[in-house]
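These notes are about the structure you will find just below.
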Amino acid sequence: MKNKGLYIICAILMVILGLSDALRGIFTPLFTEVFGFSMSQVGFIVSASYLGNLVCLLFGGVILDKIGRKKAMAIFVVALAISELILLGGRVYFLLVLGFFLALGISTLLNTTMNLLSDSFSATKSLMLLNALFFLQGIGTAGSQFILSRFSSDVRVWNGVLIAMAVLLVPICFAITRLRAEGSSEKKNEEEIPDNGIKKLQMFPIAMVTLSLGFYLIAEHGLTNYLIMYGTEQLKLTAAAAGLGLSLYSAGIMVGRLVIGQFVDKVGARKMLLLSLIAAFVVTAAVFGTGILPLLFLTGLAVSIVYPTTVALVRKYAPSSLGARATTAVVSAASILDVVFNAIFGSAIDRFGYGASMPVLCVAIAVAAVFMLLTGSDKKRA
């Protein structure tokens with residue numbers, strides 16, 4: 001492995017990002033019971049977080065390409081620390097919205113930055129190492145949910161977690177700048193990321209990757225957002241039984257990123273994505289056909305490598321000088337597609353019911369596979 005120091009920093013940062021991303025859900029009781037906000041106001045925070053993703057990605061891509069990825073990463077870490085401190089004023093609704101707008105947006109931007117840096121970790125195992133980082137983010141999310149959920153209404157724990165994250169992010173920023181300083185120049189560090197030989201943007205495959213990612217996100221977020229309601233309303237299960245299916249789905253994603261991620265570099269990114277999406281379609285169709293929600297563990301395994309690997313695939317079709325902007329633009333466009341669909345999907349459920357609407361998520365996975373197939377068959381690029 002190359003750049004071990006940078007990889008260790010990324011691993012620690014991913015755990016912190018998992019914790020940061022989970023705060024909104026964990027501390028919802030604090031916002032409603034102690035701070036006195038309504039669920040409509042909490043819902044607006046979710047919308048603001050999606051908007052933060054789009055804004056931060058669009059501006060962040062330009063910053064990454066202009067000043068270099070490691071220098072930009074250090075700046076983003078400081079910005080994340082500031083966003084956590086803003087959340088300390090969460091009793092003021094505007095500051096709570098602003099804090100999550102920045103925190104979730106910068107978190108996604110840091111995720112994408114580490115994705116862009118993954119080629120510098122290893123010449124032959126970069127995608128395996130990248131998926132391992134996303135596994136660690138899952139550990140941060142699941143671990144924080146398990147530990148902090150019992151303190152979900154405690155303002156002292158809320159403040160303590162925010163301060164602890166902000167304090168931890170300071171030495172991480174310093175460590176990133178030190179790693180950069182240890183090289184002979186910033187240019188040398190940027191050159192550690194291989195030039196893929198692309199001279200101009202390949203718009204058609206990039207468009208296909210964007211659409212594939214967008215339809216995958218539709219399926220992933222559709223499952224996570226509506227599965228418990230599907231289980232209780234359509235299948236007449238208890239909330240605990242439906243929640244078990246959702247937990248197994250998340251567990252499958254975490255296990256898959258660690259296990260299946262080992263094979264991505266060997267098989268090839270594009271081929272692995274196709275196999276994963278096809279397997280996910282088959283298993284998810286079986287879930288909705290039989291109503292056996294624990295099978296979602298296999299869905300989680302199948303889709304585990306899809307998001308990080310698809311995002312990494314973008315730069316195979318863009319010159320190195322535009323790699324960050326192309327990647328952030330693709331993630332932004334895919335997120336817009338996801339948001340628009342979910343706005344429509346809720347109305348579809350109201351009109352047609354969960355039984356008719358939820359299988360649409362299987363169709364979304366199949367469509368994602370078709371668009372991935374259309375990216376082309378140049379094995380050297382994928």
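See the values below:
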quantity	calculated
Hits in region 1-47 - residues which are open to solvent by 60 Å² or more (accessible area, probe 1.4 Å) and free of Cβ contacts under 8 Å to residues at least 24 places away in the same chain	LYS4, ILE8, MET39, SER40, SER47
Count - residues of region 320-338 that are over 16 Å from the mean Cα position of the chain (by Cα) and either open to solvent by 10 Å² or more (accessible area, probe 1.4 Å) or polar (S, T, N, Q) (or both)	5
Region 140-157, residues that are without any contact (Cβ under 8 Å) to a residue 40 or more places away in the chain and under 17 Å from ARG91 (Cβ atoms)	ARG156, VAL157
Some residue of region 114-122 being closer than 18 Å to LEU19 by Cβ and surrounded by 22 or more Cβ atoms within 10 Å (Cβ to Cβ)	yes
Failed item in (1) in contact (Cβ under 8 Å) with a residue 40 or more places away in the chain; (2) under 20 Å from the mean Cα position of the chain (by Cα), with PHE59 passing the rest	(1)
Subset of region 199-230 (residues that are open to solvent by 10 Å² or more (accessible area, probe 1.4 Å), in a helix (DSSP H, G or I) and among the polar types (S, T, N, Q))	THR210, THR224, ASN225
Exclusive hit being of a type outside the set (S, T, N, Q) and open to solvent by less than 40 Å² (accessible area, probe 1.4 Å), set LEU313, LEU295	LEU313
Tally, over region 153-171, of residues that are open to solvent by 20 Å² or more (accessible area, probe 1.4 Å) and part of a helix (DSSP H, G or I)	12
Near pairs, Cβ below 7 angstrom, 6+ apart or cross-chain, from region 88-113 (open to solvent by less than 20 Å² (accessible area, probe 1.4 Å)) to any residue that is outside any helix (DSSP H, G or I)	GLY90/PHE35; LEU96/GLY90; GLY99/GLY90
Scan of region 231-247 for residues that are open to solvent by 50 Å² or more (accessible area, probe 1.4 Å) and within 27 Å of ILE139 (Cβ to Cβ), ordered by number	ALA239, ALA240, LEU244, SER247
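The values are calculated or read from the model by the stated rules, or taken from the named source; none is laboratory data. All values derive from a computational prediction rather than experimental measurement. Quick reminder, even Gly has a Cβ in these numbers, built from the backbone with ideal geometry, and neighbours come from all protein chains shown. Each accessible area value is taken on the protein alone, full model and side chains, heavy atoms only, with ligands, DNA and RNA left out. Shrake-Rupley method; radii C 1.70, N 1.55, O 1.52, S 1.80 Å.
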